[in-house]
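Encoded as structure tokens, the structure appears first; notes follow it.
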Amino acid sequence: MALKNINPTTTSAWQKITNHFAENKNINIKDLMKDENRKDDFSIELDDLLVDFSKNRITQETLSLLVELAEEVGLKEAIESQFSGEIINATEGRAVLHTALRSTSEEPVLVNGKNIKPQIQTALRKIKSFSNKVISGKWKGYTGKSITDIVNVGIGGSDLGPDMVVESLQFYKNQLTTHFVSNVDGDHVSEIIKKLNPETTLFVIVSKTFTTQETISNAETLKNWFLKSATIFDIPKHFVAVSTNLEAVDSFGIDKKNVFPMWNWVGGRFSLWSAVGLSISLSVGYDNYRLLLDGAEEMDIHYRNTEFNKNIPVVLALISVWYNNFYLAETEAVLPYSQYLKKLPDYLQQAIMESNGKGVDRNGDKIDYQTGTIVWGSTGTNMQHAFMQLVHQGTKLIPTDFIGYKESLYGLTDHHKKLMSNYYGQMEALAFGKTKEEVHLELKFSGDQDKINTLLPFKVFEGNRPSNAILFDKLTPKSLGKLIALYEHKIFTQGVLWNIYSYDQFGVELGKELAKKLLNNQ
Ligand code: G6Q
């Protein structure tokens, strides 16, 4: 069964939300927060995760109308279609099964009538045994030395996920140094080469198609550099591939035994759970890699089985639709209060914007309502000294996600207390602001009485700016898996609501074609 094809703006729920918005658009978070049960009523807990969405311009009625919209467009059936392997990526004729990659259940998942679970298990076993050999030093390079450096060569979905996860899980890293080469800009690969010794480096070439210009150019350059000191017979010890294109991998010179599979039923930007995550497993060990998958699976189970008003990805998606389609907010900020997560906004930009940046609906008709949000962000507290001015006092409405952890990894509790008081302080400042009266009093007490007339308007914070607090106990492989899966399901939910296909990415093609033409004409 394909996804339903319903223009959301023609539903009765949409009409109700439109009326509800007209009546309530001026509601103020400060007033809403006076209800002492609000924090409990507008929070969802899932083991080590607490999502507090109380500081939003929503009431229970808003939420139930948005849930009605989700029901009317068939979200429940859509979720089932995705998990059970139906061809929901209709424009590419593919199932979408990143969820199967992390599933530990015995339930078969069929693609073209064949259960894919056994091949997933085989691939995981291969990742495990290869990672163990490299990490333990048993895997030797061409001069008999163990591997010290891993270079992941890939771009887009074959780079951003593994890069972000390896960076985020640095605390759990082993002795191997991991590098990522993606850009076709030769200076990128040259800078990496400077750090490498060919005798002890393992190259992981990640490319589903094995034809991507950037990846193949970088892989060729690295191979040529390697062959300055080694021979083609040494390639199997130093080059492995993750790909579906066995022929191209073979002609590149990589041994068939050293090829890890990818599948058409996993989209590039959702593929870190497959062998695309090999460099993650090499960096933090297979057990941690499995924990990452386990965390994602926990979120999958929650998403698939929980009623919508208690379903974290669904609620966050609905709130985002409320701002995007009714308040016409154009962007959302993702603000992790952990330096480890500094690459998360980049990763989410691809996941969200490549998926839901679509202007035609499932009929192929041009859409006359807003779809994919622009996502951006950076880590707290750094960004407080950078762009937060605009979020607090600018003219744009920017809904925010504040991601935080109750505990830090190295202790240093003094730092962590400061970090978390900033985390909460920012959300409070956004929601409650500072009134004229408060500024007046403040200037009066600080002895700046004479400045009241000139400074007052500049020091007012109007507040009423929304935020979600996404709080985990601790940054672990498992909690990271849960966080990534949360956003994946938020993306799909929004794609269903907007009646678009979230899993193709034709918009990246034209520029590539033109670049090829220009290159050939040079
Ligand atoms: C993601 C896209 C895209 C893809 C890259 C790399 O969903 O499909 O980012 O991952 O273009 O493609 P290859 O893996 O084929 O090199």
**Message:** Here's a check for you: in segment 224-250, which residue that is in a helix (DSSP H, G or I) and within 16 Å of the ligand (Cβ to nearest atom) is surrounded by the fewest Cβ atoms within 10 Å (Cβ to Cβ)?
**Reply:** 247
**The lone exception for residue 183 - which of (1) part of a helix (DSSP H, G or I); (2) within 16 Å of the ligand (Cβ to nearest atom); (3) out of contact with any helix residue (DSSP H, G or I) (no Cβ under 6 Å at 6 or more places or on another chain) it fails** = (1)
**Request:** List the number of the failed condition for residue 47; all other conditions in (1) without any contact (Cβ under 8 Å) to a residue 40 or more places away in the chain; (2) within 15 Å of residue 312 (Cβ to Cβ); (3) open to solvent by 50 Å² or more (accessible area, probe 1.4 Å) hold.
**Result:** (1)
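Listed here are the residues, each with its yes/no results for (1) within 16 Å of the ligand (Cβ to nearest atom); (2) open to solvent by 80 Å² or more (accessible area, probe 1.4 Å); (3) closer than 26 Å to residue 331 by Cβ; (4) not aliphatic (A, V, I, L, M).
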residue: 447; (1), (2), (3), (4): no, no, no, yes
residue: 464; (1), (2), (3), (4): no, no, yes, yes
residue: 467; (1), (2), (3), (4): no, no, yes, yes
residue: 470; (1), (2), (3), (4): no, no, yes, no
residue: 475; (1), (2), (3), (4): no, no, yes, no
residue: 481; (1), (2), (3), (4): no, no, no, yes
residue: 492; (1), (2), (3), (4): yes, no, yes, yes
residue: 510; (1), (2), (3), (4): yes, yes, yes, no
residue: 517; (1), (2), (3), (4): no, yes, no, yes
**Request:** Taking residue 122 as the residue in question, decide whether it is among the β-branched types (Val, Ile, Thr), out of contact with any Pro (no Cβ under 6 Å at 6 or more places or on another chain), open to solvent by 50 Å² or more (accessible area, probe 1.4 Å) and assigned to a helix (DSSP H, G or I).
**Result:** yes
**Request:** Among the candidates 199, 214, single out the residue that is within 16 Å of the ligand (Cβ to nearest atom), open to solvent by 20 Å² or more (accessible area, probe 1.4 Å) and modelled with pLDDT of 95 or more.
**Result:** 214
**Request:** Specify the residue that is nearest to residue 327 (Cα to Cα); the eligible residues are those in segment 50-90 that are surrounded by 19 or more Cβ atoms within 10 Å (Cβ to Cβ) and basic (Lys, Arg).
**Result:** 57
**Message:** So if I check each of 135, 205, which one is assigned to a strand (DSSP E or B) and out of contact with any Phe, Trp or Tyr (no Cβ under 6 Å at 6 or more places or on another chain)?
**Reply:** 205
**Message:** Just to verify a result, which residue in segment 33-44, among those that are in contact with a helix residue (DSSP H, G or I) (Cβ under 9 Å, 6 or more places away or on another chain) and open to solvent by less than 30 Å² (accessible area, probe 1.4 Å), is farthest from residue 407 (Cα to Cα)?
**Reply:** 38
**Asked** Only one of 264, 258, 309 is open to solvent by 20 Å² or more (accessible area, probe 1.4 Å) and away from the ligand (no atom under 13 Å from the Cβ); which?
**Response** 309
**Message:** All but one of (1) within 28 Å of residue 519 (Cα to Cα); (2) in contact (Cβ under 8 Å) with a residue 12 or more places away in the chain; (3) among the charged types (D, E, K, R) hold for residue 185; state the number of the condition that does not hold.
**Reply:** (2)
**The one condition in (1) farther than 25 Å from residue 167 by Cβ; (2) within 11 Å of the ligand (Cβ to nearest atom); (3) not acidic (Asp, Glu) that residue 253 fails to fulfil** = (2)
**Prompt:** Give me the pairs: first residue in segment 251-270 and among the small types (Gly, Ala, Ser), second residue away from the ligand (no atom under 13 Å from the Cβ) and part of a helix (DSSP H, G or I), beta-carbon distance under 9 Å, and six or more apart or on different chains, which are they?
**Reply:** 253/223; 253/232; 253/235; 253/236
**Item:** Selection count, segment 187-196, where residues are within 16 Å of the ligand (Cβ to nearest atom) and either hydrophobic (A, V, I, L, M, F, W, C) or outside any helix (DSSP H, G or I) (or both)
**Value:** 1
**Request:** Kindly provide the set of residues from segment 346-368 that are among the charged types (D, E, K, R) and open to solvent by less than 70 Å² (accessible area, probe 1.4 Å), ordered by number.
**Result:** 354, 358, 361, 362
**segment 138-169, subset in a helix (DSSP H, G or I) and more than 16 Å from the ligand (Cβ to nearest atom), residue surrounded by the fewest Cβ atoms within 10 Å (Cβ to Cβ)** = 167
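The values are calculated or read from the model by the stated rules, or taken from the named source; none is laboratory data. The shown structure was predicted, so the numbers you read here are calculated from the model rather than taken from an experiment. FYI the Cβ positions are ideal-geometry reconstructions off the backbone, even for glycines, and counts take in every protein chain you see. Heads up: the accessible areas ignore ligands, DNA and RNA and are worked out on the full protein's heavy atoms, side chains in. Shrake-Rupley method; radii C 1.70, N 1.55, O 1.52, S 1.80 Å.
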